[in-house]
Structures are given as C-alpha cells and as structure tokens.
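The next block holds one structure in the form of structure tokens; read it before the comments.
The values are calculated or read from the model by the stated rules, or taken from the named source; none is laboratory data. Quick caveat: nothing in here was measured; it's all calculated off a predicted structure. No Cβ is skipped: glycine too gets one built from the backbone with ideal geometry, and neighbour counts run over all protein chains shown. The protein model used for the area step is the full one, side chains on, heavy atoms only, and it has no ligands, DNA or RNA in it. Shrake-Rupley method; radii C 1.70, N 1.55, O 1.52, S 1.80 Å.
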Amino acid sequence: MRLKDNTPISKIDCYVHFAVRSGKVLWGVDSLVKSRKPAKIVLYDCTLGQNSKKVLDKLVAERNLCVLEVPENYLNTLLKRENVRVLAITDYSLANAILGYCE
C-alpha cells in the first residue's frame, strides 16, 4: 500500500504523533512479533533489512495487517529518533484515519 499522490503528509504526521503520545504504538519488528496487542497498520521504512522484511511479510500474511511503506528516514525525522524502521499503530481510529489517505 502506498500514499495517494495528492496526500497532505502533514495529516499523517499528526496521526502518527497522536498514536505515539497516547502509547498506541509498537516499535520494531520484534515487539510486533511478541505483542498480544493487535496492530491495525504497520508503517515501515523502505530501507528495512531483508531479514526483518521477511519476518514482517510473514506477520502480514498471518495476521492480515495493513502495511504502508514510507520514504527513507521518514520515521526517523518525524519522530526525532534514530533507527526507527518499523512502527505499528494499535489504535483503530488512528489507523483508519491513516488508511483513508492511502490507495
């Protein structure tokens, strides 16, 4: 899944910030695998490693997750953190709001 061409990226930024502030996120592939919380949407960096990508693809198939690939370093610059490659949002309403801007 990818963003629509005319998507205002600032809207998605706001939704991701709301999810992080409210604690409705899972950081990384490992926490996604171990978590009992169902993720609604997974955002991953296009520079995600091959092994992590395989694990993520397996999880997507098993749990029927929505996945959104974001540009390189998008999550790092948005969240002002380093090495953020995968971010899963567990809040249903925020995930649906983000999915509204995707194709």
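Among residues belonging to the range 49-94 that are open to solvent by 50 Å² or more (accessible area, probe 1.4 Å) and β-branched (Val, Ile, Thr), point out the one that is nearest to Phe18 (Cα to Cα).
We begin by selecting, within the range 49-94, every residue open to solvent by 50 Å² or more (accessible area, probe 1.4 Å); these are 50-51, 53-55, 57-58, 61-64, 69, 71-73, 77, 80-83, 85, 92-93.
Retained after the next criterion (residues that are β-branched (Val, Ile, Thr)): 55, 77.
Values: Val55: 27, Thr77: 16 Å.
The residue in question is Thr77.
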Inset, instruction - Search the range 38-60 for residues that are within 18 Å of Pro71 (Cα to Cα) and in contact (Cβ under 8 Å) with a residue 40 or more places away in the chain and pair each with any residue that is among the aromatic types (Phe, Trp, Tyr) and surrounded by 14 or more Cβ atoms within 10 Å (Cβ to Cβ) when their beta-carbon atoms are under 7 Å apart and the residues are at least 6 apart or on different chains. - result: Asp45/Tyr74
Inset, instruction - For Val29, indicate whether it is assigned to a helix (DSSP H, G or I) and in contact (Cβ under 8 Å) with a residue 40 or more places away in the chain. - result: yes
Inset, instruction - Considering only the range 1-39, state which residues are touching an Asp or Glu at 6+ places or on another chain (Cβ under 9 Å), modelled with pLDDT of 85 or more and open to solvent by 70 Å² or more (accessible area, probe 1.4 Å). - result: Phe18, Lys24
